[in-house]
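Participant: So that we are looking at the same thing, I have put the structure below in structure tokens.
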């Protein structure tokens, strides 16, 4: 399949964009994907996280747009108290502004992490050596429990 | 160790050693993303916050050493010329993004260039550690110790549930990207690799050409890395990656053997034509150079070419990049001038060797 933008190189990236309930298929080569902003030029990831997040949020809460049109209601935007990042900004740039954002947007994150990390939402790796404190003990306990369970 | 050294030597000291499975695996890399717990991430931070971090790293780590990684050189990206920045990127010592954030970004690079700690990239800290050949376990163990060493002075953003917190949701958890650089000429020539990529992707791993675009990579050098960073331990991620790399090595070796058996003369012809062109051409584009170099490297690995060194692909791939050529010429060059200089540098290099 050839790239739909340049019609020269073969299409190596294939997306289904969902916006406002409409599906739209995109087949492009990597060069055009970068030029047209489907993927970030420097990202190590081969697909657009931005599109992914946009799709997820729209899907998750399709009614919000309707209520906000009412002149008597103002929608309250979720905003990180620490760095000021709003949910809308997070959706647009697909980047957290600070550590606190993870708590601020915590309710919205599981579906995103599941999609990005093969269904996983919980950390299972290293704990900081110095600052990990009781977590090291907890991890050891977990390991012992698991070894008994088997 | 000075900046001049990083600029003049195309090939990092650690790359001169041929690591395990070095005929196929060029290098193994572990990269860890970390952030300060109490500072906004670079994407939203005020300049003064980032400048504070910049100064902190200069004060605490300039000319320090950690284990075998001696005498960290602290490089403020804002002090570099455009060409100097290009060279550091072409050597994979820093990322393109680091050079874009030039106002406050910096890098700490060890004398042997095996360790590079990027400051104020997408995250506050991106440390990367290289090993020659296929040595992911060694690279991981060393990287985790390096991480502990930095943690002595920095409180990392960490959450019990989400792990190490990063600016991009794709890095959260371990913050680790493990990758292996592989030269896969036989799998590319026989078009087997393209058929294997979907299966590899399903395991949460990514294959990409490192010098070219898309799956048609330049020089048939590919990077295999993990996509998933959350929900698996560092060791498990490495194990999955190792399994796939091991299989690719086996397949590549088999494909090379079959090529030699079934079309030995054609393969030899292809390799020696490329060798001849590199030895004698007067103008050569980067794409052609990369592919000819890959042929010659294959010829060396198959013992068809005996008096050249294995590191020739690594070295000439870097030397023939635009930044390096212009650094060598000490001026900006047009594309045509670059093609002429590239051909001449390759000719010279092959003459030294023979």
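Please treat every number below as a calculation from the coordinates, not as lab data. Just so it is clear, the structure is predicted and the values come from calculations on it, not from any experiment. We place every Cβ from the backbone using ideal geometry, glycine too, and count neighbours over all the protein chains shown.
Participant: With a point put 7 Å past each Cα toward its Cβ, work out how far residue B:347 is from residue B:235 in nm, to one decimal.
Facilitator: Simple spin-label model gives 5.6 nm for this pair.
Participant: Then there's this: Using the number of other C-beta atoms within 10 angstrom as an exposure proxy, rank B:134, B:41 with the fewest first.
Facilitator: Lowest to highest Cβ neighbour count: B:134, B:41.
Participant: Using alpha carbons only, how many degrees (0 to 90, rounded to 10) separate the axis of helix B:47-61 from the longest principal axis of chain B?
Facilitator: Rounded to the nearest ten degrees, it is 70.
Participant: Taking the number of other C-beta atoms within 10 Å as the exposure measure, put B:124, B:280 in order starting with the fewest.
Facilitator: Fewest to most other Cβ atoms nearby, the residues stand as B:280, B:124.
Participant: Given R₀ = 25 Å, FRET efficiency for residue B:196-residue B:17 by Cβ-Cβ distance, to 0.05?
Facilitator: That gives a FRET efficiency of 0.30.
Participant: Taking 8 Å as the Cα distance limit and 6 or more residues as the minimum spacing, I'd like the relative contact order of the range B:3-252 as a percentage.
Facilitator: Relative contact order here is 24 percent.
Participant: In terms of the Cα gyration tensor, with a ≥ b ≥ c the square roots of its eigenvalues, is the range B:211-354 rounded because a/c is under 1.5, prolate because a/b exceeds b/c, or oblate?
Facilitator: oblate
Participant: Does a label point 7 Å from the Cα of residue B:70, set along Cα-to-beta-carbon, have any residues of the range B:91-117 with amide nitrogen under 11 Å, and which are they?
Facilitator: B:111-112
Participant: Quote the relative contact order of the range B:284-354 in percent (integer), defining contacts as alpha-carbon pairs under 8 Å separated by 6+ residues.
Facilitator: Computed over the range B:284-354, the figure is 38 percent.
Participant: Here is a follow-up. For a quick check: sort B:121, B:288 by the number of other beta carbons within 10 angstrom, fewest at the front.
Facilitator: So the ranking, lowest neighbour count to highest, is B:288, B:121.
Participant: For a test of the definition: using alpha carbon positions, the gyration tensor, and the 1.5 limit on a/c, classify the range B:3-252 as rounded, prolate or oblate.
Facilitator: It is prolate, given that a/c is not under 1.5 and a/b is the larger ratio.
Participant: What distance in nm lies between label points placed 7 Å from Cα along the C-beta direction at residue B:303 and residue B:283?
Facilitator: 4.1
Participant: Also, quick follow-up: In nm, to one decimal, how far is the residue A:14 label point from the residue B:269 one, both placed 7 Å along Cα→Cβ?
Facilitator: The modelled label-to-label distance comes out at 3.6 nm.
Participant: Okay, moving on. How shielded is B:25-36 by partner chains, expressed as the average number of their Cβ atoms within 10 Å of its Cβ atoms?
Facilitator: 1
Participant: Could you pull out which residues in the range B:241-256 have an amide N less than 18 Å from a spot 7 Å beyond the Cα of residue A:118, following the Cα-Cβ vector?
Facilitator: Answer for this model: B:241-248.
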